[in-house]
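Participant: Let me give you the structure first, and then I'll get to my questions.
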């Protein structure tokens, strides 16, 4: 390949990409956006440029505004450097080595022998630390010695957590480490103490009366923390980016105050705390949220008078349990990849990937391997950990980081005004906020403005169940915040039709060119609930009615273009009704049938933006299978 010759009198350095074009202004871009959005609109309803831009803005459930475009005006000025206050760009500085973050594997199988084997496999094949959940439905505290028997404690950090008895889990881990013949300063562990978090889960009062001894118990150990402020508790109960940051910061502040009151220095109190945060499929929001949490925590450290070097927030990111789906479970691998990427770019010190079959039960060897290798491939083959804060300076990232930090600080101040996180939790305000956030999110999910691939979009009603996962033991009743996966409402629709043979007949009018698009849309819609969709393609009204009768279902959906609907749509719909169809649904706009009265003929329409949960529930009621 030859290098192009520059024009006479110029050098290669003089060539500028698109150099012959002027630089468009924001106002010019906004005017072009308005032209596009105004296509087909009546003259008296044309949008101004500002109105057009506002149509493109996205508003999250917790009040964040995502602009359609970001410019230099959104820059925040001097960025600072990774590893320095305010730690927005990272608490730790990555050296460029492949082990850019700690690959932390979660284990919660109560079978001690099986867990011991799984831990050994994880550590042999890519994991660098272990996280044990110690609960009645998970690992038994008495089994810690067994499950950790093959772990070289000087090489792999171990962290425990518990939803029921954190003291028992922490004491069991301390006893096991205390029996080790390795010097304390060679060993690292996390005790996972989070009394406000466990109170939130169990609906109990938080006991902060004796926190200082956990700090003392870790004296001499290397890089170890007594407290893990767990934001996933609130995320899984429905919190968005702002409230997750606000509530973990408020919780950590309360721990610092309690520790200082109990004789621990403020520097040591900060050293004793780490954060567990969620990583979601919203890449930019996850990256910005991790950066925002560090920014806010550094500001808290400044107010407390903490030594600058100790103001950094260590974060352990966990892929979102709330976003895991039961149906089309293998799509969870893609979700976890996005989530891991986001956590790594956001600067998390440790990452846990939940296996793709988590919703089906305890993960099998294959799903554990995939979860482990998701991190290994991203770190060692994609090399995403070799650069510190690659998002830094991006106008979108910086603007959203600042917006989350500011909004979280406002929420944090509201918690402080109410007497602190423990009092705020006990008052019921967190439950009220989560109820509001979940209601807003439910609307987005139901209208598919927040789609779930493989569940509310592109579902496969004939997919085989995941059979490799092991059955989970029954979990105890917690009595506090309720965790919900986003896909559960759609899974309930699927469960209602399981093994029922329930179906909706698609009456496709005209040729494939006429009905193809809407047939695809309609079948996708009904497949969300696992409904079969037999169909007829073209034919006379009599042939269509005969095909519908042969299908044996009382529900039929018409699919075609506006052009064909205007000629044949009403006639077919009326004939189906007269033949006994209990429900006739139109894929499209009812006005496309022409100037006719559709009362008693058309029982509903399906279109973009509709509430698919309500619509499908109504169909299931007609079919007699709604549970």
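Participant: Can you say whether residue 144 is within 21 Å of residue 228 (Cβ to Cβ), touching a residue at least 24 places away in the same chain (Cβ under 8 Å), in the same structural domain as residue 371 (by TED's automatic domain parsing) and in contact with a helix residue (DSSP H, G or I) (Cβ under 6 Å, 6 or more places away or on another chain), as far as the supplied structure shows?
Facilitator: On the way: within 21 Å of residue 228 (Cβ to Cβ): yes; touching a residue at least 24 places away in the same chain (Cβ under 8 Å): yes; in the same structural domain as residue 371 (by TED's automatic domain parsing): yes; in contact with a helix residue (DSSP H, G or I) (Cβ under 6 Å, 6 or more places away or on another chain): yes.
Yes; evaluated as a whole, the condition is true for this residue.
Participant: Just checking, does region 578-591 include any residue being farther than 18 Å from residue 529 by Cβ, more than 34 Å from the chain's Cα centre (by Cα), surrounded by 14 or more Cβ atoms within 10 Å (Cβ to Cβ) and in contact (Cβ under 8 Å) with a residue 60 or more places away in the chain?
Facilitator: No, that holds for no residue.
Participant: Regarding residue 69, is this residue under 30 Å from residue 33 (Cβ atoms), touching a helix residue (DSSP H, G or I) at 6+ places or on another chain (Cβ under 6 Å), surrounded by fewer than 18 Cβ atoms within 10 Å (Cβ to Cβ) and in contact (Cβ under 8 Å) with a residue 40 or more places away in the chain? Spell out the reasoning first.
Facilitator: Details: under 30 Å from residue 33 (Cβ atoms): yes; touching a helix residue (DSSP H, G or I) at 6+ places or on another chain (Cβ under 6 Å): no; surrounded by fewer than 18 Cβ atoms within 10 Å (Cβ to Cβ): yes; in contact (Cβ under 8 Å) with a residue 40 or more places away in the chain: yes.
No; evaluated as a whole, the condition is false for this residue.
Participant: Mind counting the residues in region 313-341 that are closer than 15 Å to residue 277 by Cα and in contact (Cβ under 8 Å) with a residue 60 or more places away in the chain?
Facilitator: Taking region 313-341 as the starting set, the residues that turn out to be closer than 15 Å to residue 277 by Cα are 313-323, 336, 339-341.
Checking which are in contact (Cβ under 8 Å) with a residue 60 or more places away in the chain leaves us with 313-316, 318, 320-323, 339-340.
Counting residues in region 313-341 that are closer than 15 Å to residue 277 by Cα and in contact (Cβ under 8 Å) with a residue 60 or more places away in the chain gives 11.
Participant: Return yes or no: is residue 350 under 24 Å from residue 298 (Cβ atoms), in contact with a strand residue (DSSP E or B) (Cβ under 9 Å, 6 or more places away or on another chain) and at pLDDT 95 or above? Steps first, answer last, please.
Facilitator: Numbers: under 24 Å from residue 298 (Cβ atoms): yes; in contact with a strand residue (DSSP E or B) (Cβ under 9 Å, 6 or more places away or on another chain): yes; at pLDDT 95 or above: yes.
Taking the combined requirement at face value, the residue satisfies it.
Participant: How many of the residues in region 178-202 are touching a strand residue (DSSP E or B) at 6+ places or on another chain (Cβ under 6 Å) and either surrounded by fewer than 23 Cβ atoms within 10 Å (Cβ to Cβ) or over 20 Å from residue 274 (Cα atoms) (or both)? Give the derivation first.
Facilitator: The first filter runs over region 178-202 and keeps only residues touching a strand residue (DSSP E or B) at 6+ places or on another chain (Cβ under 6 Å), leaving 188-194, 197.
Then keep just the ones that are either surrounded by fewer than 23 Cβ atoms within 10 Å (Cβ to Cβ) or over 20 Å from residue 274 (Cα atoms) (or both); that gives 188.
Residues that pass the stated criteria total 1.
Participant: Hey, does region 527-539 have a residue that's over 41 Å from the mean Cα position of the chain (by Cα) and at pLDDT below 95?
Facilitator: Of all residues in region 527-539, those over 41 Å from the mean Cα position of the chain (by Cα) come to 538-539.
If we keep only those that are at pLDDT below 95 as well, we get 538-539.
The answer is yes, given that some residue of region 527-539 is over 41 Å from the mean Cα position of the chain (by Cα) and at pLDDT below 95.
Participant: Pairs please, first residue from region 123-141 and within 11 Å of residue 158 (Cα to Cα), second anywhere and part of a helix (DSSP H, G or I), Cβ atoms under 6 Å, 6+ apart in sequence or on different chains.
Facilitator: 130/119
Participant: How many residues does region 131-147 contain that are surrounded by fewer than 23 Cβ atoms within 10 Å (Cβ to Cβ) and outside any helix (DSSP H, G or I)?
Facilitator: Here the count works out to 5.
Participant: Ok, one more. So in region 592-614, with the set limited to residues that are part of a helix (DSSP H, G or I) and touching a residue at least 40 places away in the same chain (Cβ under 8 Å), which one is farthest from residue 445 (Cα to Cα)?
Facilitator: 614
Participant: Where residues in region 349-374 are under 30 Å from residue 398 (Cβ atoms) and out of contact with any helix residue (DSSP H, G or I) (no Cβ under 6 Å at 6 or more places or on another chain), which of them is surrounded by the most Cβ atoms within 10 Å (Cβ to Cβ)? Lay out the reasoning, then the answer.
Facilitator: Keep residues of region 349-374 that are under 30 Å from residue 398 (Cβ atoms), which gives 349-354, 374.
Right, trim to out of contact with any helix residue (DSSP H, G or I) (no Cβ under 6 Å at 6 or more places or on another chain) and you get 349-350, 352, 354.
On the way: 349: 21, 350: 22, 352: 25, 354: 22.
Checking each candidate, the answer is 352.
Participant: I'd like to check which helices (runs of 4 or more DSSP H) are fully inside region 207-288 and have at least 1 residues that are farther than 25 Å from residue 320 by Cα and assigned by TED's automatic domain parsing to the domain that holds residue 402.
Facilitator: Details: elements: 212-217, 232-236, 241-261, 266-271.
Counting at least 1 such residues, we get 212-217, 241-261, 266-271.
Participant: Quick one: how many residues across region 484-506 are on the phi > 0 side of the Ramachandran plot and either touching a strand residue (DSSP E or B) at 6+ places or on another chain (Cβ under 6 Å) or surrounded by 14 or more Cβ atoms within 10 Å (Cβ to Cβ) (or both)? Walk me through it before giving the result.
Facilitator: Narrowing region 484-506 to residues on the phi > 0 side of the Ramachandran plot: 499, 501.
Imposing the further condition that a residue be either touching a strand residue (DSSP E or B) at 6+ places or on another chain (Cβ under 6 Å) or surrounded by 14 or more Cβ atoms within 10 Å (Cβ to Cβ) (or both) reduces the set to none.
Adding up the residues that qualify gives 0.
Participant: So, residue 372, is that one under 26 Å from residue 487 (Cβ atoms), part of a helix (DSSP H, G or I) and under 17 Å from the mean Cα position of the chain (by Cα) or not?
Facilitator: Working: under 26 Å from residue 487 (Cβ atoms): yes; part of a helix (DSSP H, G or I): yes; under 17 Å from the mean Cα position of the chain (by Cα): no.
When the stated conditions are applied, residue 372 does not pass them.
Participant: Now a separate question. Only one residue in 467, 447 is outside the structural domain of residue 616 (by TED's automatic domain parsing) and at pLDDT below 95. Which one? Before you say what the answer is, go through the steps one by one.
Facilitator: Working: 447 fails: at pLDDT below 95.
Only one candidate qualifies: 467.
Participant: Any residue in region 472-483 that is in contact with a strand residue (DSSP E or B) (Cβ under 7 Å, 6 or more places away or on another chain), in contact (Cβ under 8 Å) with a residue 40 or more places away in the chain and on the phi < 0 side of the Ramachandran plot?
Facilitator: Of all residues in region 472-483, those in contact with a strand residue (DSSP E or B) (Cβ under 7 Å, 6 or more places away or on another chain) come to 472.
Narrowing the set further to residues that are in contact (Cβ under 8 Å) with a residue 40 or more places away in the chain leaves 472.
After this cut, where a residue has to be on the phi < 0 side of the Ramachandran plot as well, the list is 472.
Taking every residue of region 472-483 in turn, at least one turns out to be in contact with a strand residue (DSSP E or B) (Cβ under 7 Å, 6 or more places away or on another chain), in contact (Cβ under 8 Å) with a residue 40 or more places away in the chain and on the phi < 0 side of the Ramachandran plot.
The values are calculated or read from the model by the stated rules, or taken from the named source; none is laboratory data. These numbers come from a predicted model, not from an experiment. Cβ: placed from backbone, ideal geometry, glycine included. Neighbour counts: every protein chain shown.
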